[in-house]
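Asker: My structure is below; once you've seen it, I'll send some questions.
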Amino acid sequence: MSDQLRKVNVDGKEIEVPGHYTLMQACEEAGAEIPRFCYHERLSVAGNCRMCLVEWVGAPKPMASCAMSVNDLRPNRDGTPANIRTDSATVKKAREGVMEFLLINHPLDCPICDQGGECDLQDQAVAYGRSRTRYDEGKRAVDEKNMGPLVKTNMTRCIQCTRCVRFISEVAGVEELGLVNRGESAEITTYLQANLTSELSGNVIDLCPVGALTSRPYAFNARPWELRKTESVDVMDAVGSNIRVDARGAEVMRILPRNHDDVNEEWISDKTRFVWDGLKRQRLDKPYVRDNGKLREASWGEALDMVATRLKGDPERIAAIAGDLCDMESMKALKDLMGSLGVSSMDCRNDGATIGGQGREGYLFNSGIAGIDEADAILLVGCNPRMEAPIINARIRGAWLNGDAQIAMIGEAADLTYPYEHLGNDPAALTALAKKRGGFAKTLRDAKRPMVIIGMGALARPDGAQVMRAAGELAAKLGVVREDWNGFNVLHTAAARVGGLDIGFIPHNGGRDLAGILDGATKGEVDTVYLLGADEIDMNALGDAFVIYQGSHGDAGAHRADVILPGAAYTEKNALYTNTEGRMQDGLRAVFPKGDAREDWTIIRALSDHVDSRTLPYDDVETLRSTIRRPDAQAFDPAKLGEEGTMADVPFASPIRDYYLTNPIARASAIMAECAANVLGVREAAE
């Protein structure tokens with residue numbers, strides 16, 4: 001009944017909207033602009049700022065349009081639709097009064113406030129406020145709060161809209177912010193003055209409509225009108241969050257979220273938001289070659305000639321490994337170059353996961369990230385979404401909070417910000433669940449939208465193929481995959497993984513996989529290893545092999561390398577990335593590469609000219625992209641994934657032990673190092 005269309009007259013314009021619409025939604029449907037501070041589309045309604053007041057003709061006083069629905073309106077006595085006014089003298093006077101009260105205690109900080117130029121209070125005071133104040137008393141002051149290394153506070157500016165409180169409790173799922181006291185003494189504070197511990201805490205900065213919560217690392221660095229704004233894609237995890245990179249000159253100054261309802265909505269993780277200072281530290285900006293055990297600067301010609309000489313050897317003794325942050329163009333170019341040389345040993349699965357050889361749906365998040373919103377039963381296998389993909393963890397929490405989804409886990413127990421049934425922590429629990437008729441097996445079987453999410457903690461192990469087979473058989477048996485629904489989902493941790501699997505950057509024609517490459521290098525059977533941004537492997541296992549490292553940061557790969565080819569970071573190139581659900585997205589260049597560094601695919605293209613004139617058949621990125629082909633769709637049977645065999649009696653463990661230090665850019669970031677130390681301090685205090 002609440003969805004029945006209802007008529008309402010807004011400023012003389014009659015419209016028809018669903019009855020459950022708020023007056024604010026109905027007014028905006030009619031084209032009226034409604035100011036607001038406390039209301040946010042993705043948070044619960046608080047109705048405490050009163051800035052959205054509108055007039056219902058005939059009512060004794062204006063009303064908050066965010067907290068009243070169209071169903072609450074009654075028609076006029078003559079049967080005509082209720083009349084709502086958003087621009088009457090009554091509304092104008094009411095909004096001026098509300099704004100005057102909001103500004104009574106607000107300090108005159110605009111010239112030195114980081115929110116200046118992006119402040120909702122500033123904008124709405126100009127549009128809806130009075131030209132002068134009638135308040136002569138002294139303003140109140142509020143003590144600052146320590147919310148950790150990321151969020152800077154100036155709580156004297158706070159207008160108690162409670163957006164931050166609602167976000168932290170509803171979306172982030174950690175109830176660490178609240179409103180204490182009443183009246184003039186009311187203030188937002190953290191629980192027992194403790195730091196925020198959520199991986200999504202930085203989003204309160206965007207939510208704050210005044211300058212009470214701002215970015216501590218960005219404080220006083222720039223004004224918004226000084227910055228070039230570039231729309232791009234995040235690579236800190238496999239979600240592919242849509243971001244905006246703000247730069248001044250050659251330096252990235254900050255990273256903000258872009259709205260994409262099907263991926264990250266309008267949130268980003270703290271690692272995505274604050275990793276920007278790692279983009280200017282420990283950078284590789286010149287080619288290097290190793291002489292007598294020490295690296296020295298070299299010209300591009302010398303470095304490429306040395307690499308070309310090594311690649312002219314026996315192709316069976318050459319291998320290539322692509323890292324977790326690689327773009328699709330560079331992996332495709334390296335694959336084509338290695339293919340022209342007859343090299344078949346290559347791998348993009350830095351963690352050793354044995355996936356990718358049985359159809360595309362066997363390694364995708366098939367329901368889509370937005371599909372989590374529809375799920376009513378979710379089984380997590382060998383993954384910790386809070387550490388591996390905080391945005392997906394927030395989606396799962398939303399499914400539990402708003403849709404009453406039931407959740408269970410097989411794997412390492414963790415605080416996931418929502419309740420779940422812990423079924424065990426090893427493969428035996430997976431086998432046992434498949435044999436049950438009741439319990440969570442029945443929950444999955446009876447669910448309309450059941451979902452299994454299997455992570456790298458279950459797949460990146462020696463028996464990963466067998467675990468995949470067991471999970472697939474469970475999904476098939478319990479009806480997780482149906483004609484109108486595919487709830488079998490693989491959660492990746494690396495931004496490059498799905499793109500690498502899509503283009504086939506895996507061994508072929510009897511080539512070695514990651515384990516085989518490392519074993520061969522240790523035994524002296526592999527002479528040359530090309531690391532394309534690969535820093536997460538065991539460098540000691542490379543033995544005496546000649547190592548070529550192409551990447552942007554001086555991390556583990558560069559320390560082990562015999563030749564270093566400086567590449568571009570993700571903010572310094574136009575590149576394609578495919579996220580865990582198989583969505584290909586375009587990342588755009590915000591700044592140019594540092595020093596003599598170049599975009600990665602162009603380095604490989606130049607290298608091809610030095611290797612027996614085996615020139616790659618593309619001179620521009622568009623031609624290269626035209627050669628990228630996704631695998632053809634195949635009939636999907638989850639029961640046939642992986643391989644048959646015995647699973648080890650070893651507990652599943654999350655592949656991420658330190659959320660803030662998972663890649664070379666994050667490890668170069670002083671902000672991420674401070675966050676990691678903060679988390680360690682919180683853990684030690686709890687123990």
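The values are calculated or read from the model by the stated rules, or taken from the named source; none is laboratory data. Since this is a predicted model, take the numbers as computed values, not measurements. Please note: Cβ atoms are built from the backbone with ideal geometry, for glycine as well, and neighbour counts cover all protein chains shown. For accessibility, only protein heavy atoms count, side chains too; no ligands or nucleic acids. Shrake-Rupley method; radii C 1.70, N 1.55, O 1.52, S 1.80 Å.
Asker: Can you check what the Kirkwood hydrodynamic radius comes to for region 230-350, Cα pairs only, in Å to one decimal?
Answerer: Hydrodynamic radius (Kirkwood, Cα pairs) of region 230-350 is 17.6 Å.
Asker: Something else: Quote the FRET efficiency, to the nearest 0.05, computed for Arg657 versus Ala370 with a Förster distance R0 of 30 Å and r equal to the Cβ-Cβ distance.
Answerer: Efficiency for this residue pair is about 0.55.
Asker: As a test of the definition: which semi-axes, in Å, follow for region 1-160 when you take the square root of five times each eigenvalue of its alpha carbon gyration tensor? Largest first, please.
Answerer: Computed over region 1-160, the values are 34, 18, 12 Å.
Asker: Another question about this same structure. Measuring with a 1.4 Å probe in the full set of protein chains, what accessible area per residue, in whole Å², belongs to region 101-161?
Answerer: I get 55 Å² per residue for region 101-161.
Asker: Quick one: ranking Thr522, Thr602 by accessible area, 1.4 Å probe, largest first, what do you get?
Answerer: So the residues, ranked largest to smallest area, are Thr522, Thr602.
Asker: Helix-only estimate, please: 222 nm mean residue ellipticity of the chain, summing -39500 (n - 2.57) across DSSP H runs of length 4 or more and dividing by its residues, to the nearest 500.
Answerer: Mean residue ellipticity at 222 nm (helix-derived): -7500 deg cm²/dmol.
Asker: Between Arg248 and Ser44, what length in nm is gained on full extension when 0.36 nm per residue of separation is reduced by their alpha carbon distance?
Answerer: 69.8 nm
Asker: Taking the simple approach of a point 7 Å from Cα along Cα-to-Cβ for both Asp143 and Glu96, what is their distance in nm?
Answerer: That separation, rounded to one decimal, is 4.0 nm.
Asker: Report in % the part of the accessible area of region 22-174 that belongs to carbon and sulfur, leaving out ligands and nucleic acids; probe 1.4 Å.
Answerer: Carbon and sulfur atoms account for 50 percent of the accessible area of region 22-174.
Asker: At 1.4 Å probe size, with the rest of the protein present, what percent of the exposed accessible area of region 542-687 is carbon and sulfur atoms?
Answerer: The value for region 542-687 is 49 percent carbon and sulfur by accessible area.
Asker: Specify the inter-centroid distance of region 535-549 and region 62-94, based on alpha-carbon positions, in whole Å.
Answerer: 70 Å
Asker: Can you give me the % of accessible surface on region 333-424 that is carbon or sulfur? Probe 1.4 Å, all protein chains present, nothing else counted.
Answerer: 43 percent
Asker: Which entries in Lys7/Lys229; Lys145/Lys271; Lys61/Lys145; Lys152/Lys280 show an alpha-carbon gap greater than 31 Å?
Answerer: Pairs exceeding the cut-off: Lys7/Lys229; Lys61/Lys145.
Asker: Let me ask you something else. Give the accessible surface of region 218-258 per residue, rounded to a whole number of Å², with probe radius 1.4 Å and ligands, DNA and RNA excluded.
Answerer: Ligands and nucleic acids excluded, the figure is 35 Å² per residue.
Asker: About the Cα centre, and with charges only on the beta carbon of Lys, Arg (+1) and Asp, Glu (-1), how big is the dipole of region 221-287? Nearest 20 debye, please.
Answerer: 520 debye
Asker: For region 305-410, which semi-axes, largest first and in whole Å, follow from the square roots of 5 times the eigenvalues of its Cα gyration tensor?
Answerer: 41, 13, 12
Asker: Viscosity 1.567 mPa s, temperature 4 °C: Stokes-Einstein D of region 541-606 from its Kirkwood Cα radius, in µm² per second?
Answerer: Estimated via Stokes-Einstein, D reaches 97 µm²/s.
Asker: Sticking with this one: How many percent of DSSP beta bridges within the chain run antiparallel, rounded to 5?
Answerer: 55 percent
Asker: Let me check something: with ligands and nucleic acids excluded, how do Phe220, Phe652 order by accessible area (1.4 Å probe), largest to smallest?
Answerer: Listed by decreasing accessible area, they come as Phe220, Phe652.
Asker: At a 1.4 Å probe radius, which order do Tyr288, Tyr570 fall into by accessible area, largest first?
Answerer: Accessible-area ranking of Tyr288, Tyr570, largest first: Tyr288, Tyr570.
Asker: Give me the 1.4 Å probe accessible area per residue for region 547-665, excluding ligands and nucleic acids, in Å².
Answerer: Using a 1.4 Å probe on heavy atoms only, each residue of region 547-665 averages 43 Å².
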